[in-house]
Amino acid sequence: MLTKKQIENYADVMVWGLTTARTGKFKKGDIITVRYYRLATALAEALHARLVERGFNVVMKCFGTDTMDHDFYTLANNKQLTFVGPWEKTYFNSMNGNIFLNAPSSLTHMKDVDPKKMAKSAVARKFAREIMTEREAEGLFGWTLCTFPTEELAKQAGLTLKQYSNQIAKACYLNEPDPVAKWNSLFREAKVVKKWLNKLVDDVKYYWVETANMDIHITPGEKRQWMGVSGHNIPSFEIFTSPDWRGTEGTYYANMPSFRGGNYVEKVTLHFEKGRVKSMSADKGEDYLYETLNMDEGASQIGEFSLTDKRFSKINKFMADTLFDENFGGKQGNCHIAVGASYEDTFNGDPKELTKERKEELGFNDSALHWDLVNSEKKIVTAYLKNGKTKVIYENGMFTY
């Protein structure tokens, strides 16, 4: 239930996100793919016009229906589940930009599907992300994504469609006279925070995160940097890094529910020992949690650690959408971890140096999974420094810079 003006503003912001996220410059003739759900057609149309006007070659890809998704995972044999078209690697190696417009009509239509089948398909298609990651590091590719309000999202979040739409409009500055100017302002503010964190990161032995239900050590590792508010996600208020997975110790608790792969998971507790999840539980969706964290060797290891400052984010409702929930502001901000794949752009060095062997050496995690699990409890995050001193970097929902 966004107005025509809000949709037009959203399209402008998405173009800003795409161009800001890419380290290299776009040029006329670049190939941009827009993947969207049918319910986001109005935004897809507005975005298509802007991209064509800029001289891009635009490929529009509308997702199949919920029935198609369900039928694929229930009817496909192993060869079909792992099928990769002979044209796909060529296409991904040629693509310069990718925009995803999320607008689901169902969040639970896959709840009776065997998670192992979904995992098998995800592992087979891991190559696409690897190609895009490599091209992004070379400045040849950029990506961004957003969510368009739907009745299903609003229902699962316990909101009316109008309330849900208002949260999106507020979070993405769609009511502003110049939304892009607001995003540029936030981009500059986030730079200050990242600079402050990155001055400290080399001296940090580990970050200690404490809440009423959580007590966990996160080890940043060598050659790391904090990233965020880069245009990749709209909205995005989080500041994140990809730690050395081997140094994760303790208990992580996600009090915010999660919808993933057509499944609902609630109140996840993960116990880490020597970097790997040794035990796990969930009040709801525990079987799915177990199957997913066992899809491959890296799925039960940490790939991301993130903090969101409540002064940046105006999101104050559960949105049943990871994009918004991982950027939740509310009264206490949030932190989240992702189990699964690391983000290679958190490597503080020449991307060309980050070979597979070098990633393993530095403790960057590799997996077909990347699943964000969010904690919005009151928390304190303390940096334990290599010289024996400590420094609180996050408290009462805010960075202490």
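The values are calculated or read from the model by the stated rules, or taken from the named source; none is laboratory data. It should be emphasised that the depicted structure is a prediction, and the values quoted were computed from it without experimental measurement. So basically every Cβ, Gly included, is an ideal-geometry build from the backbone, and we count neighbours across all protein chains shown.
Some points to look at:
- Flag for residue 14 being out of contact with any Gly (no Cβ under 6 Å at 6 or more places or on another chain) and in a loop (DSSP other than H, G, I, E, B): no
- Test: residue in the range 9-17 that is without any contact (Cβ under 8 Å) to a residue 40 or more places away in the chain and either of a type in the set (Asp, Glu) or farther than 21 Å from residue 233 by Cβ (or both): no
- Residues in the range 260-280 that are over 20 Å from residue 341 (Cβ atoms) and either in contact (Cβ under 8 Å) with a residue 12 or more places away in the chain or of a type in the set (Val, Ile, Thr) (or both): 262, 264, 266, 267, 269, 271, 273.
- Cβ-Cβ contacts under 8 Å between residues 6 or more apart (or on different chains), taken from a first residue in the range 77-94 that is without any contact (Cβ under 8 Å) to a residue 12 or more places away in the chain to a second residue that is surrounded by 11 or more Cβ atoms within 10 Å (Cβ to Cβ) and in a helix (DSSP H, G or I), are listed as 80/72.
- Output for the range 1-11, where each listed residue is in contact with a Leu (Cβ under 8 Å, 6 or more places away or on another chain) and not in a helix (DSSP H, G or I): 1, 2
- Residues in the range 1-29 that are hydroxyl-bearing (Ser, Thr, Tyr) and over 21 Å from residue 227 (Cβ atoms): 3, 10.
- Unique match (being of a type in the set (Gly, Ala, Ser) and in contact with a His (Cβ under 9 Å, 6 or more places away or on another chain)) among 342, 367: 342
- Residue in the range 246-254 that is out of contact with any strand residue (DSSP E or B) (no Cβ under 6 Å at 6 or more places or on another chain), over 28 Å from residue 137 (Cβ atoms) and in contact (Cβ under 8 Å) with a residue 24 or more places away in the chain present: no
- Whichever residue in the range 201-249 is surrounded by fewer than 16 Cβ atoms within 10 Å (Cβ to Cβ) and closer than 20 Å to residue 398 by Cβ and, among such residues, is farthest from the chain's Cα centre (by Cα): 212
- Screening 91, 37 for residues that are out of contact with any Ser or Thr (no Cβ under 6 Å at 6 or more places or on another chain), crowded, with 19+ Cβ neighbours inside 10 Å, of a type in the set (Ser, Thr, Tyr) and at pLDDT 95 or above leaves exactly one candidate, 37.
- Subset tally (residues that are over 23 Å from residue 83 (Cβ atoms) and outside any helix (DSSP H, G or I)) for the range 118-142: 5
- Scanning the range 281-296 for residues that are among the aliphatic types (A, V, I, L, M) and in contact with a helix residue (DSSP H, G or I) (Cβ under 6 Å, 6 or more places away or on another chain) returns 282, 293, 295.
- Taking the numbered list (1) surrounded by fewer than 22 Cβ atoms within 10 Å (Cβ to Cβ); (2) more than 30 Å from residue 69 (Cβ to Cβ) in turn, residue 1 passes all entries but (2).
- A single member of 296, 283, 309 is touching a residue at least 40 places away in the same chain (Cβ under 8 Å) and within 27 Å of residue 116 (Cα to Cα), and it is 296.
- Boolean, residue 364 is under 21 Å from residue 155 (Cα atoms) and either of a type in the set (A, V, I, L, M, F, W, C) or without any contact (Cβ under 8 Å) to a residue 40 or more places away in the chain (or both): no
- Residues located in the range 173-200, provided they are in contact (Cβ under 8 Å) with a residue 60 or more places away in the chain and aliphatic (A, V, I, L, M): 174, 180, 186, 190, 192, 193, 197, 200
- Counting only residues that are surrounded by fewer than 23 Cβ atoms within 10 Å (Cβ to Cβ), under 22 Å from residue 236 (Cα atoms) and touching a Leu at 6+ places or on another chain (Cβ under 8 Å), the range 260-317 holds 1 of them.
So that you can scan it fast, the table gives a plain yes or no per residue for (1) surrounded by 15 or more Cβ atoms within 10 Å (Cβ to Cβ); (2) in contact with a Gly (Cβ under 8 Å, 6 or more places away or on another chain); (3) basic (Lys, Arg):
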{"site": "41", "(1), (2), (3)": "yes, no, no"}
{"site": "51", "(1), (2), (3)": "yes, no, no"}
{"site": "61", "(1), (2), (3)": "no, no, yes"}
{"site": "69", "(1), (2), (3)": "yes, yes, no"}
{"site": "81", "(1), (2), (3)": "yes, no, no"}
{"site": "84", "(1), (2), (3)": "no, no, no"}
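- Enumerated strands (runs of 3 or more DSSP E) restricted to the range 287-401, each holding at least 3 residues that are over 23 Å from residue 214 (Cα atoms) and among the small types (Gly, Ala, Ser): none
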